[in-house]
């Protein structure tokens with residue numbers, strides 16, 4: 001419980017009147033002090049009840065990177081008491097959000113912007129639920145455990161890699177698709193000589209003075225095994241960051257990627273689940 005500025009003035013006034021009542025023996029002052037104490041007690045009980053019976057659930061995304069800001073969804077529910085809760089502030093890791101009204105069996109959701117500085121399994125979190133209700137004399141708070149767990153991945157740091165012809169990472173410049181003969185149609189261009197006959201677009205060529213050929217993207221690139229010991233970097237953390245970037249960039253580009261961590265080898269694949277598995281392995285490397 002924390003005393004607000006208004007609450008401090010109220011308590012000081014009550015004490016001053018109480019001392020005056022004792023010194024003067026004035027019954028009216030005794031009645032005023034009694035009323036003020038009764039009001040303080042009533043608001044204290046209401047404030048205590050206001051933050052009781054609340055259940056908090058936190059949803060962390062499946063991709064959380066060290067040092068990066070992450071939106072976290074929080075849901076606050078009032079399922080144990082009939083009375084609603086008012087002016088509830090939820091604080092988690094220094095970030096907070098406020099719910100004006102939490103009615104019974106009507107959960108409310110909000111979001112927090114959090115930053116986790118260290119890679120690895122996330123340590124158990126504890127959220128603080130507080131409220132100045134009803135008259136902002138006292139701010140009462142209660143701690144609620146957070147059951148949600150996740151792994152914080154190493155912060156990706158850009159490293160130059162050959163363009164695999166797939167979708168680039170968000171924020172990265174789009175790379176030119178690698179030309180091939182068995183992929184999807186990328187564009188139609190003029191015949192330059194040397195292209196296989198099967199790539200000539202005969203119907204379109206009949207409408208132009210020059211032959212037109214189909215340019216196709218390359219099929220999936222050759223599998224790649226990333227050896228953490230061979231990734232450049234001044235220390236382990238930088239090499240893990242570079243490797244995290246390579247895993248994201250190459251797999252999102254459609255290239256099967258595996259990982260070699262010391263004597264342990266993870267076979268290449270290019271699915272999202274495999275990418276998250278590799279990032280989890282990088283996050284926990286050296287933490288044992």
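Here are the numbers for the structure shown:
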| read-out | value |
| --- | --- |
| Subset of the range 249-279 that is in a loop (DSSP other than H, G, I, E, B) and under 27 Å from the mean Cα position of the chain (by Cα) - its residue that is surrounded by the fewest Cβ atoms within 10 Å (Cβ to Cβ) | 271 |
| Failed item, numbered, when residue 232 is tested on (1) more than 20 Å from residue 119 (Cβ to Cβ); (2) in contact with a helix residue (DSSP H, G or I) (Cβ under 7 Å, 6 or more places away or on another chain) | (1) |
| Residue 188, sole failed condition from (1) at pLDDT 60 or above; (2) out of contact with any helix residue (DSSP H, G or I) (no Cβ under 7 Å at 6 or more places or on another chain); (3) outside the structural domain of residue 61 (by TED's automatic domain parsing) | (2) |
| Condition broken by residue 104, with the remaining ones in (1) in contact (Cβ under 8 Å) with a residue 40 or more places away in the chain; (2) in contact with a strand residue (DSSP E or B) (Cβ under 8 Å, 6 or more places away or on another chain) satisfied | (1) |
| Test: residue in the range 43-56 that is in the same structural domain as residue 148 (by TED's automatic domain parsing), surrounded by 15 or more Cβ atoms within 10 Å (Cβ to Cβ), more than 14 Å from the chain's Cα centre (by Cα) and closer than 30 Å to residue 277 by Cα | yes |
| Which numbered condition residue 17 misses (of (1) under 43 Å from the mean Cα position of the chain (by Cα); (2) free of Cβ contacts under 8 Å to residues at least 24 places away in the same chain) | (1) |
| Residue check for residue 85: closer than 30 Å to residue 283 by Cβ and touching a strand residue (DSSP E or B) at 6+ places or on another chain (Cβ under 9 Å) | no |
| Count - residues of the range 88-111 that are within 30 Å of residue 285 (Cβ to Cβ) and at pLDDT 90 or above | 2 |
| Test: residue in the range 117-134 that is over 30 Å from residue 155 (Cα atoms), surrounded by fewer than 19 Cβ atoms within 10 Å (Cβ to Cβ) and in contact (Cβ under 8 Å) with a residue 60 or more places away in the chain | yes |
| Odd one out for residue 133 among (1) touching a strand residue (DSSP E or B) at 6+ places or on another chain (Cβ under 6 Å); (2) modelled with pLDDT under 85 | (2) |
| Number of positions in the range 14-33 that are assigned to a helix (DSSP H, G or I) and surrounded by 13 or more Cβ atoms within 10 Å (Cβ to Cβ) | 9 |
| Considering residues of the range 57-72 that are surrounded by 15 or more Cβ atoms within 10 Å (Cβ to Cβ) and within 8 Å of the chain's Cα centre (by Cα) only, the residue farthest from residue 96 (Cα to Cα) | 63 |
| Among residues of the range 41-82, those that are farther than 14 Å from residue 111 by Cβ and assigned to a loop (DSSP other than H, G, I, E, B), counted | 12 |
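The values are calculated or read from the model by the stated rules, or taken from the named source; none is laboratory data. Keep in mind it's a predicted model, so treat the numbers as computed, not measured. FYI the Cβ positions are ideal-geometry reconstructions off the backbone, even for glycines, and counts take in every protein chain you see.
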